[in-house]
Amino acid sequence: MKILVINAGSSSLKYQLIDMNGEVTIAKGLCERIGIDGKFTHKVDGKEFKKDVDMPDHTAAFAQVKEALTEGEGKVINDLSEVTAVGHRAVQGGTAFAKSVRITDEVIGKIKEYQALAPLHNPATIKGIEASVATFGPDVPQVAVFDTAFHQTMPEVAYLWGIPYELYEKHGIRRYGFHGTSHRFVSARCCELLGKPDGKGTRIITCHLGNGSSIAAIKDGKVIDTTMGLTPLDGFLMGTRCGVLDPSAVTFIMEKEGLSPKEMDDLMNKKSGMLGISGVSSDDRDIAAAIEEGNPRAKLAWDMRTYQIMKYIGGYVAALGGLDAIVFTAGIGENQKLLRAEILEKMAYLGVKVDYEANDVRGVEREITTPDSAVRGFIIPTNEELVIARDTMSLV
Ligand code: ADP
């Protein structure tokens, strides 16, 4: 069975064709600058096929994907009929979706309903779904896998904020959490590594550290708290996002700087975080290089992030009533040994002991604490596309 996984952004579309027999990626690629000037990349067996091609909308992008998969040098299938189903990454599923679902008109209606909560993401998901249905026809099943779904097990005490309850009832203002597909994948794998595949009796903290970052506290295989909130802005310093701050600072800055809500949103989402503090870059490799060169603000950004992460971990250990394992994943979590070691060192009070030699790796699954460490630490590379493909297969 072959499953096509789609991750649609407002001007981009990532795809991956996965053969579920052996769970191997047959081809993958990226349509960028949709509706602008169009750049297309298709990858098969380590070979890359790139072209500049006008893609006025997502349906045009799908036409490129179809052509790349079925024709020319990068061809991997004869016909689109070889694709059994399509799985879509969807961002905000609100309280309606605690699990992945087959896409129906009703599901599309719900995703549209939650648009107000994810104005950048949900319209893109809809575009991807509509273009996919237009390409594959109504008979090929389409599945939606939500970033928020895995976090739906959080209790009220964790997902509500202390504002008038009516605002929650009226507008759904609450913590939803994101990166759920990744937290789910790595925590499930961690449970296997702990010898408890059903998750029962486990207390795990998963750290998804990428451009966007979030941490989740997972008890018995279910999320009990996570750092991202109503939107992916809450939590700790990210590449360009500020993470937590005093809510009054928002209105104060808007007044002082004369900013509109949209401008303030841009400031917090695009000009803050590691970029905002360091003034150097949002990319962790640039930050690390600037620290090497002695840049004090790059070092400050780095130290602020570690400090904030340490505080969340401490809080989550309390919420979990102890800790069995901590997992690092995503671009920074999988590749940045210094940050992993620093975080684990700050957990020495829990009896955590770093295995520095084991930690000296990139992007591989590895236990990075010593056998006598009171809490086990792991690097577990995430694979959100595989989760989407697996969910899609099980629903069709
Ligand atoms: P997203 O999916 O949120 O865009 P990723 O999970 O791809 O982000 O992570 C991107 C981050 O990972 C960047 O800050 C980048 O610097 C960092 N990163 C990627 N590769 C490495 C590496 N080899 N060493 C250190 N950091 C890395």
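Rule-based calculations on the coordinates, nothing more; no lab input. Since the model is a prediction, treat every value here as computed from it, not as a measurement. Cβ placement follows ideal geometry from the backbone for every residue including glycine, while neighbour counts extend to all protein chains displayed.
With only Lys, Arg, Asp and Glu charged, each at its Cβ (+1 for the first two, -1 for the last two), find how big the charge dipole of the chain is about the Cα centre; round to the nearest 20 debye.
Dipole of the chain, to the nearest 20 debye: 520 debye.
Across the stretch 163-309, how many lysine pairs, 8 or more apart or on two chains, come within less than 21 Å at their alpha-carbon atoms?
10
Using the basic label-point model (7 angstrom from Cα toward the beta carbon), what is the Glu82 to Lys222 distance in nanometres?
Each label point is offset 7 Å from its Cα along the Cβ direction, giving 4.3 nm.
Gain in length, Tyr356 to Lys51, computed as 0.36 nm per residue apart minus the alpha-carbon separation, to one decimal in nm?
105.5 nm
Mind jotting down the distance between the C-alpha centroids of the stretch 236-269 and the stretch 1-77, whole Å?
Answer, in whole Å: 36.
Using helices alone, what [θ] at 222 nm do you get for the chain, with -39,500 (n - 2.57) per DSSP H run of 4 or more residues, divided over all residues and rounded to the nearest 500?
-11500 deg cm²/dmol
Apply 1/(1 + (r/R0)^6) to the Cβ-Cβ distance of Ala134 and Thr104, taking R0 = 22 Å, and write down the FRET efficiency to the nearest 0.05.
Calculated transfer efficiency: 0.85.
When the chain is fully extended, how far beyond the present Cα-Cα distance does Glu73 get from Thr251, taking 0.36 nm per residue of separation?
Length gained between Glu73 and Thr251: 58.5 nm.
Just subtract the alpha-carbon distance of Tyr307 and Ala63 from 0.36 nm times their residue separation and send over the number in nm, one decimal.
The Tyr307-Ala63 span can extend by a further 83.1 nm.
Which one of Pro164, Ala301, Pro138 has its Cα pushed farthest toward the positive end of the charge dipole of the chain, where Lys and Arg give +1 and Asp and Glu give -1 at the Cβ?
About the Cα centre, the residue reaching furthest to the positive side is Pro164.
Report the Cα centroid-to-centroid distance between the stretch 103-163 and the stretch 311-369 in angstrom, as an integer.
A separation of 32 Å, based on Cα centres.
Sticking with the crude label model, points 7 Å out along Cα→Cβ, report the distance from Ser260 to Arg33 in nm, one decimal please.
The modelled label-to-label distance comes out at 2.7 nm.
Taking 25 Å as R0, compute the FRET efficiency from the Cβ-Cβ separation of Leu300 and Asn211 and round it to 0.05.
0.80
Report the label-to-label distance for Tyr165 and Glu365 in nanometres (one decimal), using points 7 Å from each Cα along the Cα→Cβ vector.
Inter-label distance under the simple model: 4.5 nm.
With viscosity set to 1.306 mPa s and temperature to 10 °C, compute the Stokes-Einstein D of the chain, Rh being the Kirkwood radius across alpha carbon pairs; µm²/s, no decimals.
Reported coefficient: 72 µm²/s.
Dipole of the chain (Lys/Arg Cβ +1, Asp/Glu Cβ -1, origin at the Cα centre): which of Tyr176, Ile103, Ser394 lies farthest to the positive side?
Tyr176
Could the peptides 186-199, 1-14 be put in order, highest first, of the mean number of other beta-carbon atoms found within 10 Å of their residues?
1-14, 186-199
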